[in-house]
Amino acid sequence: MYGTSGHPTQHELRTLAQPANPVCVPALNGSLAIRLPAAVVEELKLRAGDAVNIRVASADNFIVEREPTREELIARIRKMGRPLPPGFKFNREEANARQ
């Protein structure tokens, strides 16, 4: 359906995100909010509360990307095929220790 990977390319997402008519940017709790077109929400499988990254592509276009879930990130690491050393345990305190 989309691109060679089966996922929409950035160009295709920009095309989906381009509204037919300009929309007003409402204020929400002291911040600005944007409304995403239904086609973008459906393509990215977004639900209320999901995290997204929005980047400016040009003066009149932006790119919306769904933030990967924890499970998706773990799957990416496993797909790399690089096993961790035997007995490896991640220690957050050690990794973030200031020197």
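No lab work stands behind these numbers, since they all come straight from the coordinates. These numbers were taken from a predicted model, which means no experiment stands behind them. Heads up, the Cβs are rebuilt from the backbone with ideal geometry, glycines too, and the neighbour counts pull from every protein chain shown.
Here the spin labels are modelled as points 7 Å beyond Cα on the Cα-Cβ line, and at Leu84 and Arg55 they lie 2.8 nm apart. Across the range 55-67, rounded Karplus estimates of 3J(HN,Hα) from the backbone phi angles (6.51 cos²θ - 1.76 cosθ + 1.60, θ = phi - 60°) give 10, 7, 8, 7, 4, 10, 9, 9, 10, 10, 10, 6, 5 Hz, Gly and Pro being marked x.
Computed from point charges on the beta carbon alone (+1 for Lys and Arg, -1 for Asp and Glu), the dipole magnitude for the range 24-80 about its Cα centre is near 240 Debye. Rounded to the nearest whole Hz, the Karplus-based 3J(HN,Hα) values (6.51 cos²θ - 1.76 cosθ + 1.60, θ = phi - 60°) of the range 87-95 follow the sequence x, 5, 10, 7, 10, 4, 4, 5, 5, with x at glycine and proline.
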